[in-house]
């Protein structure tokens with residue numbers, strides 16, 4: 001790099017530093033109005049999801065019951081300490097001779 005190119009580069013850097021220093025002084029002299037912080041959390045009323053009850057072994061009604069149970073588990077997820085409690089909640093709702101086999 002020639003000394004002329006180096007001088008041009010140094011001059012451009014000095015100009016940029018002067019501009020940035022001027023902008024900083026302006027911001028410090030006239031700070032922007034503080035923007036109110038936005039609350040990230042918000043209150044939302046959640047409808048309580050009804051417990052789907054027990055599955056009595058009627059295979060024709062299983063799909064509907066299973067969907068309701070999954071929604072109920074997800075809505076109450078924080079109430080379960082671990083996967084064992086979720087499994088216990090699900091298995092305890094299986095009743096009847098067919099469903100009871102899976103609960104054992």
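Where a number appears in this text, it was derived from the coordinates with a stated rule and is not lab data. Quantities reported herein were computed from a predicted structural model and do not represent experimental measurements. Backbone-built Cβ (ideal geometry, glycine too); neighbour counts: all protein chains shown.
General observations
- Each residue, residue 62 and residue 48, gets one label point 7 Å from its Cα in the Cβ direction; the gap between the two is 3.1 nm.
- Taken over the Cα atoms of segment 59-103, the convex hull encloses 61 Å³ per residue.
- Inter-probe distance in nm under a simple model that places probes 7 Å from Cα toward Cβ, at residue 12 and residue 85: 6.4
- Placing a pseudo-label 7 Å from each Cα along the Cα-to-Cβ vector at residue 30 and residue 4 gives an inter-label distance of 4.2 nm.
- Mean Cβ neighbour count within 10 Å, used as a protection proxy, ranking 3-16, 64-77 highest first: 64-77, 3-16
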